[in-house]
1. Based on Cα coordinates alone, diagonalise the gyration tensor for segment A:161-279, multiply each eigenvalue by 5, take square roots, and list the semi-axes in whole Å, largest first.
2. How high is the relative contact order of chain B? Use alpha-carbon pairs under 8 Å, at least six apart in sequence, and give a whole percent.
3. Can you give me the C-alpha center-to-center distance between segment A:283-304 and segment A:150-185, rounded to a whole angstrom?
4. Any aspartates and glutamates with Cα under 17 Å of the B:Lys493 Cα? List them, leaving off those in the same chain fewer than 8 positions away.
5. Check B:Tyr323: other-chain or 5+ apart residues with amide H under 5 Å from its amide H, H built from backbone geometry?
6. Given the C-alpha centroids of segment B:407-485 and segment A:29-92, what is the distance between them in whole angstrom?
7. State which helices in chain B qualify, where a helix is a whole DSSP H run, it must extend 27 Å or more along its own axis by its Cα atoms, and its mean Kyte-Doolittle hydropathy must be at least 0.0.
8. Rounded to whole Å and sorted largest first, what semi-axes of the equivalent ellipsoid does the C-alpha gyration tensor of segment A:250-335 yield via the square root of 5 times each eigenvalue?
Amino acid sequence: MPRLAAILKLAGLCLLMTVAALNMARAQSGEVVFYGFTGDHIAPTIRAFNKRYPNIKVRAITLQGPAMIARLRAEKDNPRCDVVDTAADLLLTNTDLLTPYKFKEAGHFPSWAVIRKGDDVYGYGFSVAVQIFLINTTQMSLADAPRSWKDLLKLQYKGKFLLGNPGSTTAGYDSFAQMLQIAGPSEIETFINNAVFSPETNLVPQEVGRGEVPMGLVEETKAFDMKQQGYPVELIYPSEGLVPTVDGWALVRNGPNPENARLFAEFMNSLEGQNINVAHRNRRVGRDDANSPTGLPPMSQVKINDAVDVSRMTTERPANIALFNKFFVKKTQGQ
Amino acid sequence: MAGAAFFALFLLYPIGKTALLGFVKPGSELALASLTLGNFTAMVSAPLYRAALLHTLFVAIASTVIAVAIALPAAYLLARRPVPGRNLLLTLAVVPLISPPFIGAFSWVILLGNQGIITRLVAMTTGLHLPALYGPFGMILALVLSFFPYVLLFVHAALSAADPALEESAHIMGASRARILRTITFPLVMPPAAAGALLVFAQSVGNFGVPSILGREYTMMTTLIVYQIEGSFNINGAAAIALVNVLMTSAALLLLSRYARRNRFTTITSMSRAAKRQGGGLAITLGAIYVWGLILVALLPQAVVVFDSLAERWPGTLWPTQYGFANYRYVLSELIEPIIHSVTLSAAATMLSVVIGALAAYAATRGNTRLGRGIDLMVMLPFVMPGLLTGVAFLVTFNSGPLVLSGGALIMVLAYVVHRLAYIFRSVCAAIGQVDSRIDEASIVCGARWLYTMRRVTLPLIAPGIVAGGVLVFSTLVMDLSITLLLYPPEWKTLAIVMFEQLSNNKIGYASASGALAILITTVLVFLASRLAGRSMAEMFR
């Protein structure tokens, strides 16, 4: 026991000294810190950025959108992050954390891809997300599958489709908010009663792929990825059209490295930065001169649902969530 | 003094400050003018909150009762009967506690989901349809099988250390085995069983991973806390919900304290000896089958993680269509640094937890009763709070002001310590409770100072409790996600973060391979720690 005690004391001391020493590696000049979505684009992005700016060290923290905002808000008095890439509606409901900026090549972004509040622009579309239907063909035949958002109001689809809870997931909120504008407040209760909501959105595509549910409301790229992996699934594009929502790179107010932050955001908005996103994540991007993802119909060939106002999805978010909670509770109270 | 300073600065201050935000209007600073009970009245008036409260109570109580019911006989058999492979079983009993976040719960979907392997096999062979996994049934199943080892290990440690003289005397006097069990053995093990049960209850109340995958629309309090933080960064609302969780655990703690005070038995004296494991025949065979069966069923999620890691293609079919090591080849190239980070941070936090937790437990059990209750509550408060809220508390408190720790790794270590202190605390409290205080007193009467008595007399007697608690802290920290997400700086990406990224990118195979490696590494390190301590894994829990 004395030998063990001595070994443990020494090991403990070494460990604490290591952690304390490394804790002293604070923000240095010549670096930029970003919070962004995870993906295969991170490493090639950093390499490409460093080819242009070899003296700026890039430090990345990958999170989901709501967790990024939670972290930014908690760090508000002493920001640790310079640039953040997250969903437009999260950026626009937290503009007090951000600094607006104008990108010199803004002309390459269609108006729906510019993250704007009044005259202030907070970012430009980096990834474009569209919510579609993913069907497991062993659980539901294509002939029986819904073809439109309004079809989801039919009784035959009650309990048959899964999506993330709008209160805590970006994808779930996007689907819900679109449906609210398409079906209207009078029908949204039916939609909520028919749907199955999951607190965790990441595994919704897997659950559909494995046949846990016949169908899911899923972001297009993830749906396509499931098909590529060989799952018995098919993608259905709703007949009303798609509602593209974007995420973009925003500058954090009072970030530790504002100049480098600007350079990084501009790189990510550039053709080179956006094409890395296409090549490594197979994502649609905001720039009209960027490459198209493989296997997905180009935006020019896709029907856009102009009846849905994306800016309303942002401005009406608190009211929409309250409406969802009201009917969700009514539905689940029977449990 | 150092322990008190640690408590004040890193436990009371951030956690207490965040908890007080539950009494403040949303978006307001902590000030008298902003005080309100509005965040709490929502619990009573809002149906969603009422439902979540009832769901949480139901799931937590059911999980606790079932966990105790299945763990007690197993602990008795392992401690007092010659169950074959006892050492191996005690080693394996730690593994269910090492469950990779999300993917561990998703393993139950792979097994018992609507299209799960077992579900489909049962339907194919018998035509029977198993009950739906999603909802309270699935959550209770996952929580029971993940957390019953707390009860098993604590009770086993107590039974192994207890002097069998009482039971042997009763046997000599003619008492039947059933009577001995009922009147001597059972009361002896109730304090450590209750300590283990409290951990099961607190974990069930504070767990988010299981409800997020298996709960679906059966909302729990932790689901609401995450909605409050991630949906609207309403810390005030989240803190109020967390305080209600703490209230529930405090009620359980109060019951435990009252029970322990009435039923405290000293079983370790200066003349204690280990009980012999005796018996044979059909009863032992059935007992061995029960214990082996229980442990193997509890290991099913980990087995599924390993199995899935070897599946290169598993596109929704009953079995994978292609096996191989491609997942491992990929993750091994990515995982070296995260593994080193996870082990370093977990080890540092474990050592600090052991020192602070053991001192706190000693002060709580041997000191003033009111002080003891206060320390108990302070230690349990962060344990019951979801890791996400603890992470927020630390980030908000130590991001600016006189002490800035954010941006480095030290804040992670401190948050880990505060969140997991309860393991060491409960385990050591149970161990100290068994030691006759007269042993300490005899040492002091003979002239030894407190520190000498603590080092040479008390510590060796409670060492099993300390080691057991330390093992639990380390093994659960390696894959912590919820605190880490909020606090990790770029240079300290951990294994859990990598797994989370893989899940987010729809790479289940990679996530399973990472999870399998994490389980292996943790088990090996715990085994090495036991060797270094000069004990086998089984003896660490005696």
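Just so it is clear, none of the values below were taken in a lab; they were calculated from the coordinates. The model shown is predicted, which means the values in this text are computed figures rather than measured ones. Don't worry about glycine lacking a Cβ; one is built from the backbone with ideal geometry, like all the others, and counts go over all protein chains shown.
1. 32, 20, 14
2. Working: 805 pairs, mean separation 121.3, N = 542.
The value is 22 percent.
3. 24
4. Within the straight-line limit of under 17 Å, B:Lys493 reaches these aspartates and glutamates: A:Asp40, B:Glu334, B:Glu337, B:Asp480, B:Glu501.
5. Amide H neighbours of B:Tyr323, under 5 Å, 5+ apart: B:Glu312.
6. Cα centroid to Cα centroid, the span is 39 Å.
7. On the way: long enough: B:47-80 (49 Å, 1.57); B:136-161 (37 Å, 1.94); B:186-206 (29 Å, 1.46); B:235-262 (39 Å, 1.08); B:326-366 (55 Å, 0.93); B:410-434 (35 Å, 1.46); B:508-532 (36 Å, 1.69).
Span-like helices, by this rule, are B:47-80, B:136-161, B:186-206, B:235-262, B:326-366, B:410-434, B:508-532.
8. Details: eigenvalues 235, 107, 35 Å².
Sorted largest first and rounded, they come to 34, 23, 13 Å.
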